[in-house]
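Single-structure report; data block below.
The values are calculated or read from the model by the stated rules, or taken from the named source; none is laboratory data. The model shown is predicted, which means the values in this text are computed figures rather than measured ones. Heads up, the Cβs are rebuilt from the backbone with ideal geometry, glycines too, and the neighbour counts pull from every protein chain shown.
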């Protein structure tokens, strides 16, 4: 059986530069797939290819075995939803109107949302736990609440895959955790697949600690350099090569007997001077 | 409800207003017998004033005001910018130049309408083509295209004014640019009404999608909209409505910028409601302003001047009263 989402040998280039070189991976239902890599490595470009917003010049993105290059925008939207890194707010729409926009791919060009669409949007708000905010202008919400609205809007699309581009990038410590908890809950409850670009390796360990079996991929210099289980991918060695930093993975026992795994940064590696390289850790 | 009824009420009131006094019974009588195609037993002078002069002018005013406001609201959503008005893609500048050209070349009303309309459309087509240097039509490139095209047509308009005969052509151009409904006849409504109705109907039909488009191109795409096609429909409809309005009325500023904001304060930002309400408010506003223009002084004050003088303070009052509407 074809995987839910498959990225097959995808290459993308701008006129001046190759951004992605033969990227391949696939995602199954109920999986959290985390994409890590330094700033400017092409994470967002890859996500844009998966959303059908950019066209790869080689390779294909397939959903349930069919290539999205042959699908229309509404067909893609029914399969893949999107939570942006930072949503540019313009007009003070009410929260419920924003979430209702998740239904766009089901509503005809000259139609307006039906009662059923409203009910689905309300359910999405409820699943994310922000029903209380539905009549507020979304411009007045905090960053974390605003991001939850974006997650609810993606849920209203009823798609089997949600793509998230650094969904916690601008959030404070607490709200970051709220978003991650919401993702864990949704994946466990609905069997949704989540593809998430992130700068924080500990997000992957967080998902593992919560028992959702994440996978991670490292993207550097146009290619995926490592892909697999967190313990294989997010090693001290790999992160050292990816970010030029020294790190240490630590395990600690929780009060309830569980194990908590985290990775902590120690220092940057100055490659010019030598001497301070990985072997010396 | 009140918002829907308002344009009809002000049209009725404007039939009573003017320097030739007509009482309401006479007006209702004339309307009654004309609308039911019965013979009228009222003096001809009253029938002419009410049915042939005031009524077409009020109807045309309502349509023009509604069209400018509805396209302004649609463009504000499309461009994700509350400071945008119906002229953003150069339709007014194009129409202004077209009208001036027709005045100089032909001295004919029919030619002025045609040229104003066609050059208005041409300006938008040019802006749209400029924006397509990349794939798709990025909003910023559309705005830039509009700025370029507007300034070129403004320069051409200045050139036309410079070359025009200062005794008769130049005043005609200047007066046209200030906007007026004084020459309104039923034939104007019939001809210019077609593009206006098509544009307005299109915008009302697609109004919910303007919400989605206002999320930005990438998000609108990921929500399931073909961004290029939907943007194209909104631009085409708003342009038809605006060009149809401008070609019969001349340049009337302010309505396309401020009426949508008054709508936002009254009913919120959901385009499902805002788009039709903007039409209604624009229609009401322009008919009222035109009534003032007719009665304030001995001769008529051009509409474009009055819309700004009356609209500005009213807008400030609303801003204060509604505390800005959640911006």
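Residue A:30 fails exactly one of the following numbered conditions: (1) crowded, with 17+ Cβ neighbours inside 10 Å; (2) in contact with a strand residue (DSSP E or B) (Cβ under 7 Å, 6 or more places away or on another chain); (3) in a loop (DSSP other than H, G, I, E, B). What is the number of that condition?
All conditions are met except number (1).
Please pick out the residue among A:130, A:224 that is more than 14 Å from every other protein chain (Cβ to nearest Cβ), surrounded by 19 or more Cβ atoms within 10 Å (Cβ to Cβ) and under 30 Å from residue B:230 (Cβ atoms).
Numbers: A:224 fails: under 30 Å from residue B:230 (Cβ atoms).
The conditions single out A:130.
Of A:138, A:173, which residue is surrounded by fewer than 19 Cβ atoms within 10 Å (Cβ to Cβ) and in the same structural domain as residue A:197 (by TED's automatic domain parsing)?
Sole residue among the options that is surrounded by fewer than 19 Cβ atoms within 10 Å (Cβ to Cβ) and in the same structural domain as residue A:197 (by TED's automatic domain parsing): A:173.
Just give me the residues in region A:88-113 being closer than 25 Å to residue A:61 by Cα and within 19 Å of the chain's Cα centre (by Cα), in sequence order.
A:102
For region A:101-117, what are the residues that are crowded, with 22+ Cβ neighbours inside 10 Å and more than 8 Å from chain B (Cβ to nearest Cβ)?
Once the filter is applied, which keeps residues that are crowded, with 22+ Cβ neighbours inside 10 Å and more than 8 Å from chain B (Cβ to nearest Cβ), region A:101-117 yields only A:103.
Are any of the residues in region A:168-182 touching a strand residue (DSSP E or B) at 6+ places or on another chain (Cβ under 7 Å) and closer than 30 Å to residue A:24 by Cβ?
Of all residues in region A:168-182, those touching a strand residue (DSSP E or B) at 6+ places or on another chain (Cβ under 7 Å) come to none.
Checking region A:168-182: not a single residue is touching a strand residue (DSSP E or B) at 6+ places or on another chain (Cβ under 7 Å) and closer than 30 Å to residue A:24 by Cβ.
Taking region B:116-156 only, how many residues are surrounded by 21 or more Cβ atoms within 10 Å (Cβ to Cβ), touching a residue at least 60 places away in the same chain (Cβ under 8 Å) and in a helix (DSSP H, G or I)?
Summing the residues that are surrounded by 21 or more Cβ atoms within 10 Å (Cβ to Cβ), touching a residue at least 60 places away in the same chain (Cβ under 8 Å) and in a helix (DSSP H, G or I) in region B:116-156 gives 10.
Taking residue A:211 as meeting all but one of (1) buried (at least 18 other Cβ atoms within 10 Å of the Cβ); (2) within 22 Å of residue A:251 (Cα to Cα); (3) free of Cβ contacts under 8 Å to residues at least 40 places away in the same chain, write down the number of the exception.
All conditions pass for residue A:211, except number (1).
Can you tell me how many residues within region A:157-175 are assigned to a helix (DSSP H, G or I) and in contact (Cβ under 8 Å) with a residue 12 or more places away in the chain?
2
How many of the residues making up region B:57-87 are assigned to a loop (DSSP other than H, G, I, E, B) and over 13 Å from the mean Cα position of the chain (by Cα)?
6
Is there a residue being within 11 Å of chain B (Cβ to nearest Cβ) and modelled with pLDDT under 95 anywhere in region A:29-43? Let's see the steps before the verdict.
From region A:29-43, those within 11 Å of chain B (Cβ to nearest Cβ) are none; that's our starting set.
Scanning region A:29-43, I find no residue that is within 11 Å of chain B (Cβ to nearest Cβ) and modelled with pLDDT under 95, so the answer is no.
Of all residues in region B:191-219 being more than 8 Å from chain A (Cβ to nearest Cβ) and over 22 Å from the mean Cα position of the chain (by Cα), which is nearest to residue B:233 (Cα to Cα)? Spell out the reasoning first.
Of all residues in region B:191-219, those more than 8 Å from chain A (Cβ to nearest Cβ) come to B:191-204, B:210, B:213, B:217.
Pick out the ones that are also over 22 Å from the mean Cα position of the chain (by Cα) and you get B:213, B:217.
Numbers: B:213: 12, B:217: 15 Å.
Checking each candidate, the answer is B:213.
Test each condition in (1) closer than 26 Å to residue A:178 by Cα; (2) at pLDDT 90 or above; (3) within 14 Å of another protein chain (Cβ to nearest Cβ); (4) under 20 Å from the mean Cα position of the chain (by Cα) for residue A:125 and report the one that comes out false.
For residue A:125, the failing item is (3).
Take the residues of region A:56-86 that are within 9 Å of chain B (Cβ to nearest Cβ) and in a loop (DSSP other than H, G, I, E, B): which is nearest to residue A:19 (Cα to Cα)?
Applying the filter and picking the extreme gives A:84.
Could you please find all residues in region A:36-55 being in a helix (DSSP H, G or I) and farther than 15 Å from residue A:85 by Cα?
Scanning region A:36-55 gives A:49, A:50.
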